[in-house]
């Protein structure tokens, strides 16, 4: 037990990702579905944080996920940027040949407000607590936020592989969108005092739009929808990088490094 504890304390990030993959992938194949898949990240975070820092580690994790005092403009970004991405994707899909969506297909517009809390608890709350509440703040501050974001994006894409491969035709655009959206999500995250809460909101709004619109498409229209979702996310990520550079923020690199390692509770 002592040797296992020492390994966790010496390599906390490696152990975190190993546990997140093992729990999520293991549950997926044992249960033949994604019922417990999203919990791999948060369970790994809780285990590693408690072993490496005890109660203080858990308090730090909670503080990052409850960091709410970040400025209204970043709440606006977390809520409305994924809406723009989602609506642009649907509009382009219709423009390129998908049938015009009707109210009968989509249901009432206000159902979005009913879907939103379900979307939060379906995945983003559990996933981003681990990815951005625990792991990302512990990535090396010697690398740029963009480099750390791309590393995280690739790891997220790899973690999602079992789900992506469940529909092989959609796997590539799904994984590409995962990596590109990590850049846009982390643009909000870094500017919002490394708040995992804002990342959870961003992710939840995006998933809400997906739950609302994607069932209305099928066959080639659905495949096009996912390719366009990947493309729109790539464009959004490129715009973020062109605007902010590798810091993903409009401020000096030193302040960015401070944000990466900031342990100040909200």
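The table below gives the values:
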{"item": "Single residue of 177, 164 found to be over 25 Å from residue 79 (Cα atoms) and modelled with pLDDT of 95 or more", "result": "164"}
{"item": "Options 238, 230, 194: the member that is touching a helix residue (DSSP H, G or I) at 6+ places or on another chain (Cβ under 9 Å), at pLDDT 95 or above and assigned to a loop (DSSP other than H, G, I, E, B)", "result": "194"}
{"item": "Verdict on residue 233 being more than 20 Å from residue 13 (Cβ to Cβ) and under 15 Å from the mean Cα position of the chain (by Cα)", "result": "yes"}
{"item": "Top-ranked residue in the stretch 67-82 [being under 19 Å from the mean Cα position of the chain (by Cα) and more than 20 Å from residue 183 (Cβ to Cβ); ranked as surrounded by the most Cβ atoms within 10 Å (Cβ to Cβ)]", "result": "67"}
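Residues are listed down the side, and each one gets a yes or a no for (1) buried (at least 17 other Cβ atoms within 10 Å of the Cβ); (2) modelled with pLDDT of 95 or more:
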residue	(1), (2)
3	no, no
6	no, no
16	yes, yes
39	yes, yes
46	yes, yes
52	yes, yes
65	yes, yes
84	no, yes
93	yes, yes
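The values are calculated or read from the model by the stated rules, or taken from the named source; none is laboratory data. Quick caveat: nothing in here was measured; it's all calculated off a predicted structure. In this analysis, Cβ positions are derived from the backbone assuming ideal geometry, glycine residues included, and neighbour counts consider all displayed protein chains.
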